[in-house]
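Reviewing the structure listed below.
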Amino acid sequence: MADSERRPLYVGEPNLPDWQRFEEMFRGIFERRFFANHGPLERELDGALAEYLGVSHAISVVNGTVALMLAAKALDMRGEVIVPSFTFAATAQALNWAGLTPVFCDVEPDTHNLSARLVEPLITERTAGILGVHLWGRACDPDGLERLAQERGLKLFFDAAHAIGCSHKGKRIGGFGSAEIFSFHATKILNGAEGGCITTNDDELAARLRTMRTFHDSETRVPVALRINAKISEAQAAMALLSLEHLPENIQANRMRYFRYRELLSRIDSVAFVDHAGNEASNYQYVVIKIDRAHVSCDEILRALVEKNIHARDYFSPGVHHMAPYRDVPQPDLPVTDELSASLIQLPTGPSVTDADLVRVCDSLEEIVEEAGRA
Ligand SMILES: *Cc1c(COP(=O)(O)O)cnc(C)c1O
């Protein structure tokens, strides 16, 4: 069989729950005729997430982007928020939606994340907060950033969209800063067919968020500036609850693929496996490689992989500061962000990706790199 006719492999393949269980949960929704507005599944999901993440409160919402907007709004900031450019566009744009201005910060070359060292020089009298991103599920310097935020009187929250099930020094991500947000988009390890949540250990912040997420009755009714329809539906909550139940086994399956990739990739020149998990718990949802650009370009590799029906991805490329609307105003030079954007590739992993598929991806990569060497 020609390489181009072999089974396509994609990045971000969804995890699906057991169909029978899903049907049962859906039958319950039909029987209750209760589709949203603080229903039993939303309440169950909020409780299950708080327990799993080891936090006082989880507030489920319709998606991760809205979770970011709500968290930013509920933290009552005005002015600027320091944020990485090496992230998904939603991280920065959610700040604009909340009436804030993102100020882009470069990331550390070894962690791909913000650090207190990089953030501190950007703090001015206009700075209201810091929004860190736990990229690939690797913690974004929570100790350094918590210390810095405390010293300078800034709000600190985290985009943990990649990081459910990940830890920092043995503590689950979800409890750092004032709040963290998660996404249950179908490409994330916990698939709610869209969905997300905000986690916090701050009772007052949680009460504000619960009031803000709906115009209807909620378990809280506290004074807030604005409310929005951000509530998760019972249908999404059903998916998310089942996906949370399956999370440990999905992490375990990802983990097998992650370490197998690490082993297979070790023999290929010009390609370095990014071990973002280190010795922490990870969900292993992201398999990232760094290309030696002196030898071969990401574009060359991606193009050659597509010919073999392997749909790897270059993300995040370009950095958010190069995209609309930010590129229309002067932006700082972010050399590490630019370098990472041009040299990182995501490889396919997911429930249907077999060991033979991993061998196929790595053999293909080896062939492409060797070919580039001869050219
Ligand atoms: C997926 C993602 C989001 C947005 O989540 P949605 O649920 O798709 O709105 C935000 N930030 C990062 C880093 C993400 O990967």
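The values are calculated or read from the model by the stated rules, or taken from the named source; none is laboratory data. None of these values were measured; they are calculated from a predicted model. Here Cβ is always computed from backbone atoms with ideal geometry, including for glycine, and neighbour counts include all displayed protein chains. Side chains included, ligands, DNA and RNA excluded: accessible areas come from the protein's heavy atoms. Shrake-Rupley method; radii C 1.70, N 1.55, O 1.52, S 1.80 Å.
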Between residue 279 and residue 370, what length comes free when the chain is fully extended (0.36 nm per residue of separation minus the Cα-Cα distance, one decimal in nm)?
29.5 nm
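Per residue, how big is the convex hull of region 234-334 when only Cα atoms are used? Give it in Å³. If you can, show how the numbers build up before the last one.
On the way: hull volume 20.2 nm³, N = 101.
Enclosed volume per residue, from the Cα hull, is 200 Å³.
When all alpha-carbon pairs of the chain are counted, what percent fall beyond 28 Å?
On the way: 32403 of 70125 pairs.
The calculated P(r) of the chain puts 46 percent of pairs beyond 28 Å.
For region 107-189, which trypsin sites (Lys or Arg not before Pro) are in a loop by DSSP, counting at most 11 other Cβ atoms within 10 Å?
On the way: sites: 117, 126, 138, 147, 152, 155, 169, 171, 172, 188; in loops: 126, 138, 169, 188.
Passing both the DSSP loop test and the Cβ count: 126, 169.
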Can you work out D for region 275-369 in µm² s⁻¹ from Stokes-Einstein, where Rh is the Kirkwood radius over C-alpha pairs, the temperature is 25 °C and the viscosity is 0.890 mPa s?
163 µm²/s
Give me the percent of the accessible area of the chain that comes from carbon and sulfur atoms, probe 1.4 Å, all protein chains in place.
51 percent
Just report the Cα centroid separation between region 209-223 and region 256-303, whole Å.
44 Å
Excluding ligands, DNA and RNA, what is the solvent-accessible area per residue of region 45-85 at a probe of 1.4 Å, expressed in Å²?
28 Å²
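For a test of the definition: using alpha carbon positions, the gyration tensor, and the 1.5 limit on a/c, classify region 16-63 as rounded, prolate or oblate. Show your work: numbers first, answer last.
Values: a/c = 2.49, a/b = 1.51, b/c = 1.66.
Oblate shape, in that a/c is at least 1.5 and b/c is the bigger or equal ratio.
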Send over a whole-number figure in Å² for the accessible area per residue of region 280-375, probe 1.4 Å.
44 Å²
Residue-averaged [θ]222 nm for the chain, counting only DSSP H segments that reach four residues, each worth -39500 (n - 2.57):
-12000 deg cm²/dmol
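Taking only protein heavy atoms into account and a 1.4 Å probe, give the accessible area per residue of region 170-238 in Å².
Details: 2680 Å² over 69 residues.
Roughly 39 Å² per residue, with all protein chains present.
Give, in whole angstrom and from largest to smallest, the semi-axes √(5λ) of the equivalent ellipsoid of region 142-226, with λ running over the eigenvalues of the Cα gyration tensor.
Numbers: eigenvalues 107, 86, 18 Å².
For region 142-226, the semi-axes come out at 23, 21, 10 Å.
What's the ranking of 219-227, 295-303 by average number of surrounding C-beta atoms within 10 Å, highest first? Provide the component values of the computation, followed by the final result.
On the way: 219-227: 11.9, 295-303: 16.6.
For the peptides 219-227, 295-303, the packing ranking is 295-303, 219-227.
If packing is taken as the mean number of other Cβ atoms within 10 Å per residue, what is the order of 258-269, 60-71, 14-25, 274-285, highest first?
Highest-to-lowest ranking by the protection proxy: 60-71, 274-285, 258-269, 14-25.
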